[in-house]
Amino acid sequence: MAILLADDEPDDLRSWKEVLEDHKHSVVVATSYDEAEQCLNEGGFDVAVLDLYLMGRSREGMGVQLAKRFGQRLPVIILTAEDTSAAAKESLQGEACDYISKAAGAQALLAAVEKALKRRVFVVHGHDPRFLNEVRDFLRSKHLWPIVLQEEPGGGRTIIEKVEQYSNVAFAVVLFSPDDAGGKQLRPGKVDTLRQRPRQNVVFELGFFVGKLGRKRTVVLRADPAEIEMLSDYGGVQFISTSVGNWRDVLVREMKAGGIEVR
């Protein structure tokens, strides 16, 4: 997992970095608000761990200010020496997903990082912005972090490189919407009846996440089963249809079965 670790106390920064790297995480460090802000703008992180009183333009909870700005893009864990309920409340109200007292030690931080990973959901989508927005907003309402590729910084990467960069998630929801049309070629110049299909990149990314996460942690949510041609090689696997009134409940059930913490 790629982690941004920001703390203006050199000893704390060094010790927390060692703890995270000992558990096979890739860590980038920042020693000020401005450095952390630049890193978050550039993107590429799965989780951010920020000191509550990170030095910046003021001494008033600058880590929380970053959580407010970036907390919908990725999970933010606030780390602080202040073991008080007021500090915890300030952190969690500021879009942070968790609050860890430095006195709680390494295991508490590692547990918070692992918990944050289990709430990251990659959303594969086509050309239906209404469908995407509806699903993304629903996931956020369940205190999950939907990863939508077009909303993440590119950093000069190709599309497949971005998919790989941001694929460190616990679950994938693949949206099938009728964006393309195609049919079997009967003979040169003669094509069978055209049927609506999802975009080719959506089908490709479905296969990518089935290979990476497994079928149990990859779900296809289709806009209308009557209109979209389904995949023959994926036959027998459950698709969730939005034509069913309780599709949100079904999606939550599938995510819970895949080990996702859904509130």
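Below, the figures for the structure above:
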| quantity | calculated |
| --- | --- |
| Residue satisfying condition, being closer than 26 Å to Asp7 by Cα and assigned by TED's automatic domain parsing to the domain that holds Val250, within set Leu132, Leu144, Leu110, Leu175 | Leu144 |
| Failed item, numbered, when Phe176 is tested on (1) among the aromatic types (Phe, Trp, Tyr); (2) free of Cβ contacts under 8 Å to residues at least 24 places away in the same chain; (3) surrounded by 15 or more Cβ atoms within 10 Å (Cβ to Cβ) | (2) |
| Out of Val220, Val163, Val169, sole residue that is assigned to a strand (DSSP E or B), touching a residue at least 40 places away in the same chain (Cβ under 8 Å) and surrounded by 13 or more Cβ atoms within 10 Å (Cβ to Cβ) | Val220 |
| Candidates Pro153, Pro178, filtered to the one that is more than 19 Å from Glu229 (Cα to Cα), modelled with pLDDT under 90 and not small (Gly, Ala, Ser) | Pro153 |
| Candidate set: segment 243-261, residues that are free of Cβ contacts under 8 Å to residues at least 24 places away in the same chain and in a helix (DSSP H, G or I); chosen: the one farthest from Ala223 (Cα to Cα) | Lys256 |
| Lone qualifier among Gln72, Gln107, Gln65 - being of a type outside the set (Val, Ile, Thr), surrounded by fewer than 18 Cβ atoms within 10 Å (Cβ to Cβ) and at pLDDT below 90 | Gln72 |
| Lone unmet requirement of (1) part of a strand (DSSP E or B); (2) at pLDDT 90 or above for Phe138 | (1) |
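The values are calculated or read from the model by the stated rules, or taken from the named source; none is laboratory data. All of these numbers come straight from a predicted model, not from anything done at the bench. When we count neighbours, we look across all protein chains shown, and the Cβ atoms used for this are built from the backbone with ideal geometry, even at glycine.
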